[in-house]
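The values are calculated or read from the model by the stated rules, or taken from the named source; none is laboratory data. On a predicted model such as this, the values are computed, not experimentally measured, just so you know. Glycine also receives a Cβ, built like all others from the backbone with ideal geometry; neighbour counts cover every protein chain displayed.
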Amino acid sequence: MQARQLREEGGQRTFVLVFDTGDEAVSGLTEFAGEGGLEAASFTAIGAFGAATLGYFDMDEKEYRKIPVHEQVEVLSLVGNIARNEDGEPKVHAHAVLGRSDGTTRGGHLLEGRVRPTLEVVLTETPAHLRRETDPETGLPLIDVRDGE
């Protein structure tokens with residue numbers, strides 16, 4: 001993956017990340033956030049995957065049902081955010097819409113995406129430092145926007 005900072009203004013940095021064939025998107029974003037000291041960020045991306053695993057959160061089971069995608073797909077839309085969890089580690093939360101060769105789509109929570117040939121990400125650090133807290137009802141690490149409660 002190649003990365004370049006495009007600008008910085010008012011505590012907000014914007015980066016472009018370009019993933020190469022074979023890179024894994026979620027782990028790459030997590031690693032970039034950790035090494036760059038990002039506390040919180042949002043991102044959008046387009047490109048393509050050679051394979052991916054999406055997820056659908058089953059509220060009754062309180063876990064993601066995996067949706068494997070074993071084919072070349074266009075990343076039509078990838079949007080998400082990064083926030084630190086309770087242990088201070090960066091956590092990527094992303095949703096993707098993937099286009100198949102026949103024009104149909106698959107969508108869901110991006111669990112894993114193997115880039116082929118490229119993924120172009122624009123990532124913007126947010127000046128407010130958000131944290132994820134485990135929601136007792138779902139078990140999901142959700143962004144907590146409460147201020148000091």
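For segment 8-27, a tally of residues being at pLDDT 95 or above, over 16 Å from Val75 (Cα atoms) and of a type outside the set (Ser, Thr, Tyr) returns 2. The condition (being under 28 Å from Thr14 (Cα atoms), of a type outside the set (A, V, I, L, M) and modelled with pLDDT of 95 or more) is satisfied by just one residue among His109, His129: His109.
For (1) modelled with pLDDT under 95; (2) within 14 Å of Ala40 (Cα to Cα); (3) of a type in the set (Phe, Trp, Tyr); (4) crowded, with 16+ Cβ neighbours inside 10 Å, each residue gets a yes or a no:
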site	(1), (2), (3), (4)
Met59	yes, no, no, no
His70	no, no, no, no
Val73	no, no, no, yes
Gly80	no, yes, no, yes
Ala83	yes, yes, no, yes
Glu86	yes, yes, no, no
Val97	no, no, no, yes
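Looking only at strands (runs of 3 or more DSSP E) that lie completely in segment 1-96, which have at least 1 residues being in contact (Cβ under 8 Å) with a residue 24 or more places away in the chain and closer than 22 Å to Arg131 by Cα?
12-20, 40-58, 63-69, 73-84
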